[in-house]
1. Over its Cα atoms, what ratio of radius of gyration to 2.2 N^0.38 Å does the stretch 353-477 give?
2. Quick one: order Lys398, Lys260, Lys614 from most to least accessible surface, probe 1.4 Å.
3. Packing-wise, with mean Cβ within 10 Å as the measure, how do 81-87, 573-579 rank, highest first?
4. Please turn the phi angles of the stretch 646-656 into ³J(HN,Hα) values with the Karplus equation 6.51 cos²θ - 1.76 cosθ + 1.60 (θ = phi - 60°), one per residue in order, whole Hz, x for glycine and proline.
5. What size of dipole, in debye to the nearest 20, comes out for the stretch 160-311 about its Cα centre when the only charges are +1 on Lys and Arg C-beta atoms and -1 on Asp and Glu C-beta atoms?
6. Picking from Ala327, Leu541, Thr244, whose Cα lies most toward the positive end of the charge dipole for the chain (charges on Cβ: Lys, Arg +1; Asp, Glu -1)?
7. What number in nm² do you get for the stretch 548-588 if you take the convex hull of its Cα atoms and divide its surface by four?
8. Debye calculation, C-alpha points only, no solvent: report log10 I(q)/I(0) for the stretch 538-638 at q = 0.21, 0.22, 0.23 Å⁻¹, in the same order as the q values.
Amino acid sequence: MRFIRGISDFTLSVVLVATALGVALLLPLPADAQVSASAPAIPRAYPVRDFFANPERAYFRLSADGKTLGFMQPVSVQGSPRRLNVFVQPLSGSRLVGEPKLLTAETARDISIYSWKGSDRILYVKDFGGDENFHLVAVDVATGKVTDLTPGDKVRAELLDELPDDPHHILVSHNRRSAEVFDVYRIDLRTGRETMVAKNPGDIVGWATDHAGRVRIAFRSEGLNSIVLYRPDERSAFRPIMTTDYRTEVESAVFTADNKRLTMISNRGRDKKALVSIDPARPDAESVLFAHPEVDLGAATWSRARRKLTDVAFVTERTQRHFFDAATERLYKRLEARLPGMELLLQSHDKAEGKFIVAAFSDRTPGTRYIYDAKADSLSVLAEINPKIAAADMAPMKPVSYQSRDGLTIHGYLTLPVGREAKDLPCVVNPHGGPWARDSWGYNPEVQFLANRGYCVLQINFRGSTGYGRKFWEASFGQWGLAMQDDITDGVQWLTSQGIADRKRVGIYGASYGGYATLAGVTFTPDLYAAAVNYVGVSNLFTFMNTIPPYWKPFMPKFHDMVGHPERDKERLTRTSPVLNAERIKTPLMVVQGARDPRVNKAESDQMVEALRKRGVEVPYIVKDNEGHGFRNEENQYEFYGAMEAFLGKHLKPQAPPRD
């Protein structure tokens, strides 16, 4: 199966508003937020490592023939710290046989993403100390030979099409020729030789292939416009078939089985993104396949084996699916009947689409992974992802919804610590990164760690969070540190006005944009928070825009329109850059940064720490030279979260849970 993903899918939290502002609350506090006489006892404090250690066996993937299972496991190679590496093991039906074989030997960082190429090679990506210059690496399963397919200093590569019907080649896009743009190459896995199949003229920001692996679609960014280019075959030139202002999105193309029509995610003429069918000869006539009245559509799935579109996913309070295919709907219903109440995700399958890797998880557990054999209708356990933590000791994640001070409906999630009355709690507000991303229902180790320590946690899908339509997204434009921050502030005021949070014990913690929101919170509302933790967050909107990676350059006109232009909007950007207003900060602040972060340069954190230390303010500052935009290595995570626990505990003073 092949997935079509919209821009609304991904990055590194929501809620809002206050009775104090005279704004009506739309949803009451969940009934089970009040603790009865028979409420569970306060669970013990699980060690930091139990939350943040890599799973002992996870990331299961099936070979094309379904006869070999790949998985990742932390292992020390040549005395290095434990790193996630790829193992393979034979399968007899759904049963593992023989011994697992270590296939990779990475020592510097975990492998984050890998996949099968057919049944005899593994492909994985690696960067260098978190710099996000990802190389694509191939490993021969039989011989163990390792080949860097995209060598070169500062090369960033991405697998475009694995070409499942071609055993010897793949399509890869990379920026070796020019740091700012990505060309497409066909790489011969036997020799490593690459042949260019699509040259980027300088403004192409994405490519799409048909089912034969031919590059037929290109996405151009031109100023504030987005253009979809099409060609009937690889001998023909690309021609524009759709031009829109970037606020109107038409994206994520997959061809129909005959390679003639396109299935895309589009919000042309509507507020919410829909799944549409488009004839390239008449591109302005969209045929809507499915639309949801309240939220954008996210990812659609294509069955290569059965040559049809099977389903499309969307997120309301939880992930839901609309089915186009009865067989796929039956498959999910069988799984749901066996795994009630769990969120289900099909993570991998064999080429025949008869065996599947099933992830089952919830808000209180990362869950279990299974092999499902559709023909035998059998479900076999592969591994429990984190058996060290009992789901019963974790806290439910409750959807909440409020009206903002200017009339927007804001959605989010509230997690209340187990065994404690929902009254005068110490709380941590956790704004998500992006900012054009969103929080969703599911297991979050950071949230559960904080709840286990006695904090309530509020995650806010503030204006601009994706999935809620174009109008809601556009409401964030030009509003960093302004209305977007008001949404977070109002969430705090609601928590305290309801009596849930102790107004003197509210902290804020976020990463990336969430780190910016953390700094903005303590800068522009200096009396609101008792403690703050900024993790790889932006502090200076001018220097941030000057140090972004070169391959973001085609997006800069749009970014300037969405966030602000350094010259045209100088006054506003100065007013909303926390470090340029650091004299207002009086909240205890902790700062955490990866030295090789390509998105939020280390200088962003250095500036903030320096500005406060010049005032004689001590700022705990953790910097790791082998990390980038967020810590990945286990030992660094343990240090960070241990330090954060001590810092928040000192300033927010939660009721200490029992310890072993």
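The values are calculated or read from the model by the stated rules, or taken from the named source; none is laboratory data. Keep in mind it's a predicted model, so treat the numbers as computed, not measured. Cβ sites come from the backbone with ideal geometry, for glycine too, and all protein chains shown count toward neighbours. When the accessible area is computed, the model is the full protein with side chains, heavy atoms only, and any ligands, DNA or RNA have been set aside. Shrake-Rupley method; radii C 1.70, N 1.55, O 1.52, S 1.80 Å.
1. On the way: Rg = 18.0 Å, N = 125, 2.2 N^0.38 = 13.8 Å.
Here the answer is 1.30, to two decimals.
2. Output order, biggest surface exposure first: Lys614, Lys260, Lys398.
3. Details: 81-87: 20.1, 573-579: 22.0.
In descending order of packing, they fall as 573-579, 81-87.
4. Here the 3J(HN,Hα) series is 5, 5, 5, x, 5, 9, 9, 6, x, 5, 5 Hz.
5. Numbers: 24 positive and 24 negative charges, 76 e Å.
I would put it at about 360 debye.
6. Most positive-ward Cα: Ala327.
7. Seen from a random direction, the Cα hull of the stretch 548-588 projects 4.1 nm² on average.
8. With no solvent term, the Cα-only Debye profile gives -1.12, -1.16, -1.20.
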